[in-house]
């Protein structure tokens, strides 16, 4: 390679490309763009079926997330697919840029393809990225057809066609480059290493034969193939090029996460959940088109792992296909396109959303479909009917409890809010929740927390009998009508008592009180007990004498971790207790659900494979921990149940709440 | 020809009220107001669910919910409307003071004013007084056959086939309507939740309201229908009813347990 | 006359002797004689013995009463009650008399008192004690008109004592009903049938210790004619199938007897057994919550108890 970069370094653009061929190219491009526009218009018609949604708030956060996604940050959560996609994506970007440069040069007549730019970018960089693109495609083909991970669709011929087409385009591009270099004796050939290599091959194959005819045919083929791909973008998975980044922009940027939109029961006619495309928001219809069928959601779904008939990927794709086929008339969606068993198997854990590289929000869709099943079709599992009937009659979902909400307080000296003179003096109001009131194991969490609060001298009070169920179980099972009654009543009670700061040990109560009650006029500062205890320890208000150094692993509750992004406080508490803390493979934002969410604490699914809680307990035991610690009363129950399945006499597995360990370590 | 069924409803104090909170006011001989929610009774729920299933199956065409009780027990009628009863009728009276015979008298008077029914469904007993008489008394005064403890009904030409709980057996009978069935609990008879549309509509539907006088029962006549006099009601002293059976020899303890169960007539064994 | 009614009893069994005992004591307090009415198949045996336990008369009512539901029995008893000018008719409280008693009382123009657990005489008339509010309270009631047809809770009244007397036995024939009700068939539920229908449930929890423990429970259930249940703990441990689970996320049951063997009594489990008439709790921990709701308690290893119970049931005549 010469060391002199001549300002004259360039190449002939459109070598041996006749005017007729160029005309064909523009004509074909015109047709392709028209078809492309038609395809987009078809999609647009479907998106417009949806209800309005707000995507212009939090512009900064939305933009940052979109740019991060474009920079491949979300794809790289899985390394190999991340590498593969980055190679293809950036390779394609560079090649597309190169084509644009040619257009500027030839079509607009601006002389840019010369000198350093020509050599370093248009030749070297483009060649390298073209090669990387091929490598990326090869990885993709290998992964899809040799490794065959379960989460990928295997029987779609379109997938193979798309990969093959891209591969061909790049190959033919290199072929053309090789031919040109060989035929023109390009002095700068070595700046296009792949092209140079190709030209050697071309020389060996063609000898001295005239390359012009072959070149022209290949050029047309290359061009047509690319135009076909372009035209069909809106009809293939490649549409995600546009829809995926835009979907990241449109999706919920951050906490509050997973908030269900309230139903307006005064509307005429009232809309009860989702059963037709028109019931979805335009963003929900849009997100169906953002799916790249990568299957990461399915791979992390706890219900799917337990052999239940739910695949988040299938929910999205079945809805997408139904809506594309039948448009406005698609349906019935709830129970028809998406089967009831699939909908009821969901624990609303949001692992699917967390894993999705294009920020699809599966859970609100599932809950919306459940709303229609529950409120309009009145079709739900018996356990849900019982829990909701109990909510209706007694304002708690624990049927058969035969105990009062405040029975557990007998014998404890706990200040009650209505006996406090000045509520403003309190640091927090401790919201007990139904689990601690009606379930003995959960009661122990409350007792332990009360001990810690009293030890630390925290000025607190409880609402006692004025509490009623926060309504989460009704909302997550689609029973918005019952939820609405409970939420409004609770907000009235809390606002009437002048409550502003609330402490809870239950992440479901946390989610409701902190975020979802806002829509009903409830604005409270809500703190989870692990957050408060961590702060108390760090402020020195709690004196601890750590006990035996046990090996412990922390299970992140879904509604504390994924929903409310609190991963650290419980760990800080455990570290203050000086335990040997180990992490499960799936922890923090990748935590594997305990199986209680979405109402499942009150009903069991039909037999599938190993139950969700057993899978998680097994995972906990595999860390070698003798105790799995969590911060949610439902996780506690589920993990205890799962532990019984996997624990043995030699390898026992205890289940505790974080605050129970703290209470035991208090130095009075 | 439209087949009409009537379901007899009653609201009672929440039967899952914790025993520690249960009290009787010696003056009124009833629990004081506000101890807990007033709910449609469990066997009445079963009866209502059975009526709705019969409507779903086409065994009956119309279902009327009938309740004799105080004004606020109308909630139970709203519940019935929310699960698609066609009509709701309220006989306004303070039911707490009435005995089964008086209640039956009111219900019979109401039934005579309603469109003729082929079937009357009642809970096997109301969870407050636990008499278990009203359904049968209604049948006798209407001159209709009655079958008790039914959980399943099908139509067979002009007759109704019923499955009911007998003594140690499940009996199947054929009944010529009109008839009264009392309904017992069964897994298939968990009362459905109404759709939200139906629930909201139920709040606006009219409920027919009659007083005893309008039904032709003067206070004297109603008083005269009384068959039981309530002397007093009390909550027995709460002792743990658990009878501990102790002994060193497991064989003796086992025998003692069996014996006690037989004495309590909870286990029937060939003797 | 006080009439005590028995049904399908070839001999005067313990159930009948309780009703007869109550009749005799009531008769003594009211100055009335006692008659026994025996219905159903082979009723003569019971009628013959009645005299030996304090009855002055005994009637055998022949005919297939069950064929017409309760119609035939009600008609027969009504006629008999009128003939002997009965002031009180006593029946055992069961699924048959639940329907029969109120209708009989109405036919006789009298009053029905159901589920009586005690009877006293005050001012020359019977005053009955009966449970109300699901057993949370007791009520004292008196009939406003006679005759009174009362159903007596089993296991509460003292059985009649042998007197060595005799009674005149006569036979009557029941009339058939008008055919409005016809019995088509009856079948006893199979042992090991569904938990919801079972009248006896033998349920195992943590204390059972393993699947072999549950095999023993199957045997016990078979001997008792009941079904096998399990706590969530036992199902989790894989000792019992999920469809056996009783509790908040399992089945709700209402048997006559619920054996809670090695079950601690967590509220989650208790949510499913509220309908049980009596719980027999067997647990090594005397503080287990299950004892607070049990009718009979045994502090013992449940496996030992189960083995002893099986022995006893197999060896008893």
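The values are calculated or read from the model by the stated rules, or taken from the named source; none is laboratory data. Only a predicted model underlies this, so the values are computations on that prediction, with no experimental measurement involved. Using ideal geometry, Cβ is built from the backbone for each residue, glycine included, and neighbour counts are taken over all protein chains shown.
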Residue in region B:101-120 that is at pLDDT 95 or above, away from chain C (no Cβ under 11 Å), closer than 18 Å to residue C:113 by Cβ and in a helix (DSSP H, G or I) present: yes
Scope region C:17-35; condition assigned to a helix (DSSP H, G or I), over 27 Å from residue C:67 (Cβ atoms), touching a helix residue (DSSP H, G or I) at 6+ places or on another chain (Cβ under 8 Å) and more than 14 Å from chain B (Cβ to nearest Cβ); matching residues: C:24
Output for region B:166-179, where each listed residue is free of Cβ contacts under 8 Å to residues at least 24 places away in the same chain and more than 29 Å from residue B:2 (Cα to Cα): B:166, B:167, B:169, B:170
Failed item in (1) more than 12 Å from chain C (Cβ to nearest Cβ); (2) without any contact (Cβ under 8 Å) to a residue 40 or more places away in the chain; (3) not in a loop (DSSP other than H, G, I, E, B), with residue A:408 passing the rest: (1)
Residues located in region C:170-191, provided they are within 11 Å of chain B (Cβ to nearest Cβ), part of a loop (DSSP other than H, G, I, E, B) and touching a residue at least 60 places away in the same chain (Cβ under 8 Å): C:177, C:178, C:179, C:180
Output for region A:411-426, where each listed residue is touching a helix residue (DSSP H, G or I) at 6+ places or on another chain (Cβ under 9 Å) and either within 30 Å of residue B:196 (Cα to Cα) or outside any helix (DSSP H, G or I) (or both): A:412, A:413, A:414, A:416, A:426
Qualifying residue in region A:612-623 (condition: part of a loop (DSSP other than H, G, I, E, B) and out of contact with any strand residue (DSSP E or B) (no Cβ under 6 Å at 6 or more places or on another chain)): no
Test: residue in region C:98-105 that is closer than 22 Å to residue C:24 by Cβ, more than 8 Å from chain B (Cβ to nearest Cβ) and not in a helix (DSSP H, G or I): no
Criterion: assigned by TED's automatic domain parsing to the domain that holds residue A:432, under 18 Å from residue A:661 (Cβ atoms) and surrounded by 19 or more Cβ atoms within 10 Å (Cβ to Cβ) - qualifying residue of A:477, A:530: A:530
Checking residue C:154 against (1) facing chain B (nearest Cβ under 7 Å); (2) free of Cβ contacts under 8 Å to residues at least 40 places away in the same chain, the condition it does not meet: (2)
Filtered residue count, region C:1-16, keeping only those that are assigned to a helix (DSSP H, G or I) and more than 11 Å from chain B (Cβ to nearest Cβ): 1
Residue C:179 vs. criteria at positive phi and buried (at least 24 other Cβ atoms within 10 Å of the Cβ): no
Positions within region A:529-541 being more than 20 Å from residue A:627 (Cβ to Cβ) and touching a strand residue (DSSP E or B) at 6+ places or on another chain (Cβ under 7 Å), in sequence order: A:532
Members of region A:45-69 that are surrounded by 15 or more Cβ atoms within 10 Å (Cβ to Cβ) and assigned to a helix (DSSP H, G or I): A:46, A:47, A:62, A:65, A:66, A:69
In region B:126-143, residue farthest from residue C:182 (Cα to Cα) [restricted to those that are surrounded by fewer than 24 Cβ atoms within 10 Å (Cβ to Cβ) and more than 8 Å from chain C (Cβ to nearest Cβ)]: B:142
Single unsatisfied condition, residue A:601 versus (1) at pLDDT below 95; (2) crowded, with 24+ Cβ neighbours inside 10 Å; (3) assigned to a loop (DSSP other than H, G, I, E, B): (3)
Given (1) crowded, with 17+ Cβ neighbours inside 10 Å; (2) touching a helix residue (DSSP H, G or I) at 6+ places or on another chain (Cβ under 6 Å); (3) more than 13 Å from chain C (Cβ to nearest Cβ), number of the condition residue A:625 does not satisfy: (2)
Selected residue (criterion: surrounded by the fewest Cβ atoms within 10 Å (Cβ to Cβ)) from residues of region A:124-155 that are in contact (Cβ under 8 Å) with a residue 12 or more places away in the chain and assigned to a loop (DSSP other than H, G, I, E, B): A:150
Test for residue A:557: is it in a loop (DSSP other than H, G, I, E, B) and touching a helix residue (DSSP H, G or I) at 6+ places or on another chain (Cβ under 6 Å): yes
Identity of the residue in region C:192-218, modelled with pLDDT under 85 and surrounded by fewer than 16 Cβ atoms within 10 Å (Cβ to Cβ), that ends up nearest to the other protein chains (Cβ to nearest Cβ): C:194
Elements of type strands (runs of 3 or more DSSP E) in region B:153-271, at least 2 residues being out of contact with any helix residue (DSSP H, G or I) (no Cβ under 8 Å at 6 or more places or on another chain) and loosely packed, with under 15 Cβ neighbours inside 10 Å: B:228-234
Answer residue from region C:219-266, given it is crowded, with 24+ Cβ neighbours inside 10 Å and at positive phi and is modelled with the lowest pLDDT among those: C:247
Complete set of residues in region C:148-171 that are surrounded by 22 or more Cβ atoms within 10 Å (Cβ to Cβ) and in contact with a strand residue (DSSP E or B) (Cβ under 6 Å, 6 or more places away or on another chain): C:148, C:149, C:150, C:151, C:152, C:167
Candidate set: region C:36-60, residues that are assigned to a strand (DSSP E or B) and surrounded by fewer than 24 Cβ atoms within 10 Å (Cβ to Cβ); chosen: the one farthest from the chain's Cα centre (by Cα): C:57
Selection count where residues are within 25 Å of the chain's Cα centre (by Cα) and assigned to a loop (DSSP other than H, G, I, E, B), scope region A:505-554: 2
Of the criteria (1) over 17 Å from residue A:367 (Cβ atoms); (2) surrounded by fewer than 21 Cβ atoms within 10 Å (Cβ to Cβ), which one residue A:271 fails: (1)
Boolean, residue C:90 is modelled with pLDDT of 85 or more, in a helix (DSSP H, G or I) and more than 12 Å from chain B (Cβ to nearest Cβ): no
Region A:604-613, subset at the interface with another protein chain (Cβ under 9 Å from one of its Cβ atoms) and within 24 Å of the chain's Cα centre (by Cα), residue surrounded by the fewest Cβ atoms within 10 Å (Cβ to Cβ): A:611
